């Protein structure tokens, strides 16, 4: 696994984690929070997963592949949920969904699932 | 998955994470750190993995099983390394290895691998 | 600072972090989430603060006092918010408020503010 | 506090956290680890502090200033230690020290200490 690819995946994880935390906060300031409850839940999980996966990659060990795999799954679930709210004008959900899709792709590339 | 079992796994993850952070610090205060370099590396990874896995379980979502699986792998690697240093009187490695083995067992039980 | 007191504060931080994550999840499953939006926000901040503070103490370094001070402030804000919802039957808020108060006390004791 | 400044501080915290984790790993692969033991300890603390502080800022709450203050202190301690090893050709310590100094400056600006 070349180092450039790892750094690119860390970038994607950290960008995704930040969007997830921002999206959760933005959701909590929307008028209809009930509609966004599952989005907030997945944002929280996804942010945690992305920060931890980024950090494990950054430590340079040999055990991050399974975390990348697990992280990709959460990112996809979060993207799917966020995408439902784009048509209701939730720009934070749009930005979050895009970051999640990118992160899922990069994480899958780390485990060879996309190869 | 019953809630009691989840709480027990969270307990094991947090206990393991604490032992890993303590073990790394103790290793850095030993005389022959070079011998313990890989132990410190795995302690760092394992602590991060355990804290994140505990937190994902604690959030009550549906996506922790893959993280438990990934966490168990790191715990086993860390236990294996720590066990090498027990005969050299490293009590922190002994305590850490035991916490890692317990955490690996609990995490595997979460994904049904040990069932 | 004796080691027993540090361990007790780590215990309180981790217990508080777990209650905060649980409370946030429980809030997101209540009927009137809007009323609980600020509670969820503070739960998220408080969980993050408590996990980090616990970990810094567990690493045995010399720089945790300022984190304990910062953590106590968030714990108190979270407790204050949670307490508002106890009369509406929010048991998770009650449990969370208690854990936050205890954690704030232990953290303040670490910095001598309560001494 | 304008949002641009917050984002810039989050950037600095995450960049610093990554350098700290990388520096710790690189230190563990050097020949004379004993000389670097304190550097590794501070790298670990600083990475944890920076990730948590970045995340608290990213959540958009009101309680990050004390964390920025606490984080700046650890960053400065880590920078000071790393700088000792630059003359021994430790490029990872040089990169880490620079990221720590920048992060400390940005964090202090958040609390008005540098104002």
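The values are calculated or read from the model by the stated rules, or taken from the named source; none is laboratory data. Everything numeric in this text was worked out from a predicted model, so none of it was measured. Please note: Cβ atoms are built from the backbone with ideal geometry, for glycine as well, and neighbour counts cover all protein chains shown.
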Original post:
Is it the case that residue B:4 is within 28 Å of residue B:111 (Cα to Cα), within 12 Å of chain D (Cβ to nearest Cβ) and free of Cβ contacts under 8 Å to residues at least 12 places away in the same chain?
Top reply: no
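Table: residues versus (1) in contact with a strand residue (DSSP E or B) (Cβ under 7 Å, 6 or more places away or on another chain); (2) under 30 Å from residue D:39 (Cα atoms); (3) not in a helix (DSSP H, G or I).
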site	(1), (2), (3)
C:7	no, yes, no
C:18	no, no, no
C:22	no, no, no
C:26	no, no, no
C:44	no, no, no
C:51	no, yes, no
C:62	no, yes, yes
C:81	no, no, no
C:94	no, no, no
Original post:
Filter the range B:54-70 for residues that are more than 7 Å from every other protein chain (Cβ to nearest Cβ) and more than 14 Å from the chain's Cα centre (by Cα); which is modelled with the lowest pLDDT?
Top reply: B:62
**OP:** Given the conditions (1) in a helix (DSSP H, G or I); (2) touching a helix residue (DSSP H, G or I) at 6+ places or on another chain (Cβ under 7 Å); (3) surrounded by fewer than 20 Cβ atoms within 10 Å (Cβ to Cβ); (4) within 12 Å of another protein chain (Cβ to nearest Cβ), report the number of the one that residue C:101 does not fulfil.
**Re:** (4)
Original post:
Would it be correct to say that residue D:37 is part of a helix (DSSP H, G or I) and within 30 Å of residue A:28 (Cα to Cα)?
Top reply: no
**OP:** Under 6 Å between Cβ atoms, at least 6 apart or on separate chains: pull out the pairs that start in the range B:83-109 with a residue that is free of Cβ contacts under 8 Å to residues at least 60 places away in the same chain and end on any residue that is buried (at least 24 other Cβ atoms within 10 Å of the Cβ).
**Re:** B:83/B:97; B:85/B:93; B:86/B:93; B:97/B:82; B:104/B:72; B:104/B:75; B:108/B:72
Original post:
Which one is surrounded by the fewest Cβ atoms within 10 Å (Cβ to Cβ) among residues in the range C:33-53 that are more than 8 Å from chain D (Cβ to nearest Cβ) and free of Cβ contacts under 8 Å to residues at least 24 places away in the same chain?
Top reply: C:34
**OP:** Of the conditions (1) within 24 Å of residue D:52 (Cα to Cα); (2) surrounded by fewer than 24 Cβ atoms within 10 Å (Cβ to Cβ); (3) in contact (Cβ under 8 Å) with a residue 24 or more places away in the chain, residue B:12 clears all except one; give me its number.
**Re:** (2)
Original post:
How many residues does the range B:71-95 hold that are surrounded by fewer than 21 Cβ atoms within 10 Å (Cβ to Cβ) and either over 11 Å from residue B:20 (Cβ atoms) or within 8 Å of chain A (Cβ to nearest Cβ) (or both)?
Top reply: 12
Original post:
Regarding residue C:30, is this residue more than 10 Å from chain D (Cβ to nearest Cβ) and either closer than 17 Å to residue A:25 by Cα or modelled with pLDDT of 95 or more (or both)?
Top reply: yes
